[in-house]
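All remarks here apply to the structure that follows.
The values are calculated or read from the model by the stated rules, or taken from the named source; none is laboratory data. Every value quoted in this text rests on a predicted model; they were computed, and no experiment measured them. For neighbour counting, all protein chains shown are included, and Cβ atoms are generated from backbone atoms with ideal geometry for every residue, glycine included. Only protein heavy atoms, including side chains, enter the accessible area calculation; ligands, DNA and RNA are left aside. Shrake-Rupley method; radii C 1.70, N 1.55, O 1.52, S 1.80 Å.
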Amino acid sequence: MISARVHAAIADGRITRNALVCYPSSPSSDIRPTVRPFEGEIHSTIDINGIILIAPSGFTLSPELSAPRTGFPTREAFESYLEALAAAVPHVTTADQPEVMVIEF
């Protein structure tokens, strides 16, 4: 299992800021990723300077959303980007294989 602290995580239309995401190191239908607000490290937590998306396997972002970001001029710009990601990423159903996607800054 991997546990990663990120600036934000997006899953099922929800944005969790300063999140802890736990997920298997290789795709697994038995273990689904979990997202929760970061309250403290757990064993082997890694820091990722970016955002994690939980999406159905095979999902791809549009080029304008997946482009690497070097910074956001305002907090509102970052919030707007997160909202656009949340609207674009489909919900993961019980029939879907979840995929963890990382957007690094």
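Annotations
- Options (i) 15.3; (ii) 14.0; (iii) 15.6 - which one matches Kirkwood radius over Cα pairs in Å as calculated here: (ii)
- Heavy-atom accessible surface of region 11-105: percent carbon and sulfur, 1.4 Å: 51
- Residue-averaged 222 nm ellipticity for the chain, from DSSP H runs of 4+ at -39500 (n - 2.57), nearest 500: -5000 deg cm²/dmol
- Protection proxy ranking, highest mean first, for peptides 2-10, 44-52: 2-10, 44-52, where packing is the per-residue count of other beta-carbon atoms within 10 Å, averaged.
- The chain, accessible area per residue, ligands and nucleic acids excluded (1.4 Å, Å²): 58
- Residue 95 versus residue 42: modelled label distance in nm, points set 7 Å from Cα along the beta carbon direction: 3.0
- Around residue 27: net Lys/Arg minus Asp/Glu count, Cβ-Cβ under 14 Å: -2
- Taking a sphere under 15 Å around the Cβ of residue 58 and counting the other residues whose Cβ falls inside, with K and R at +1 and D and E at -1, yields a net charge of -2.
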